[in-house]
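Here's the structure, in structure tokens; my notes come after.
Bear in mind these aren't lab numbers, they're just calculated from the coordinates by the rules spelled out. These numbers come from a predicted model, not from an experiment. Cβ atoms come from the backbone with ideal geometry, glycine included; neighbour counts cover every protein chain shown.
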Amino acid sequence: MREKSIVAIAVALLLAVSALFLACSSSPSPQEAKANFCTSLDNLHQNVSALQAVGSGTSVDQVKSDADNVRSSFQDVRKTAADVNGANTDSLQSAVNDLQSAISDLSGSATLAQAVSSIQTQLTAVADAWQQLSTSFQCS
């Protein structure tokens, strides 16, 4: 009998914790969702800009690191887009995937000029897709 009481208490406690978790993890309001989405788009833009601003002192490894930052910030865009009605990130995802593929194809022995030249088209595509999303949701 005592084992049944312990199980019942454990189940009740689990249900209470689950209810508390659900209450705390509610979806953001539409305004909050849009603000979060725009912030993540801004972060992506900053990371793309850093990648576009490579200079003579930049190594191929730094280009790859900057590209990882782009990929990571895109993941944030995808997460925040899930809460925004009508936010379609397919074009942006395709552009980021193409950029990642081009960067992973870079040779460690490539010169900086070769590296930048080989990813310029993909960088432009990411920037264009970002611009379309940012404009369509009136992000500043």
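Would you say residue 58 is β-branched (Val, Ile, Thr), closer than 14 Å to residue 130 by Cβ and touching a residue at least 12 places away in the same chain (Cβ under 8 Å)? Criteria not met by residue 58. With the requirement that a residue be buried (at least 16 other Cβ atoms within 10 Å of the Cβ) and of a type in the set (A, V, I, L, M), what does segment 112-140 give you? Result: 112, 115, 116, 119, 123, 125, 126, 127, 129, 133.
Contact list please: Cβ distance under 9 Å, first residue in segment 105-134 and over 14 Å from residue 56 (Cβ atoms) and touching a residue at least 60 places away in the same chain (Cβ under 8 Å), second residue outside any loop (DSSP other than H, G, I, E, B) and among the aromatic types (Phe, Trp, Tyr), pairs at least six apart or on different chains. Partner pairs satisfying both residue conditions: 126/74; 133/37. The set of residues in segment 91-123 being of a type in the set (A, V, I, L, M) and more than 22 Å from the chain's Cα centre (by Cα) consists of 106, 110, 112, 113, 115, 116.
Can you find a residue in segment 101-110 that is surrounded by 15 or more Cβ atoms within 10 Å (Cβ to Cβ), touching a helix residue (DSSP H, G or I) at 6+ places or on another chain (Cβ under 9 Å) and under 27 Å from residue 27 (Cβ atoms)? Don't jump to the end; show me each part of the working.
The initial filter retains those residues of segment 101-110 that are surrounded by 15 or more Cβ atoms within 10 Å (Cβ to Cβ), namely 102-103, 106, 110.
Checking which are touching a helix residue (DSSP H, G or I) at 6+ places or on another chain (Cβ under 9 Å) leaves us with 102-103, 106, 110.
Those left that are additionally under 27 Å from residue 27 (Cβ atoms): none.
Checked segment 101-110: no residue is surrounded by 15 or more Cβ atoms within 10 Å (Cβ to Cβ), touching a helix residue (DSSP H, G or I) at 6+ places or on another chain (Cβ under 9 Å) and under 27 Å from residue 27 (Cβ atoms).
Here segment 33-83 is the region considered, the condition is being in contact with a Ser or Thr (Cβ under 9 Å, 6 or more places away or on another chain) and of a type in the set (Val, Ile, Thr), and the residue that is nearest to residue 103 (Cα to Cα) is 60.
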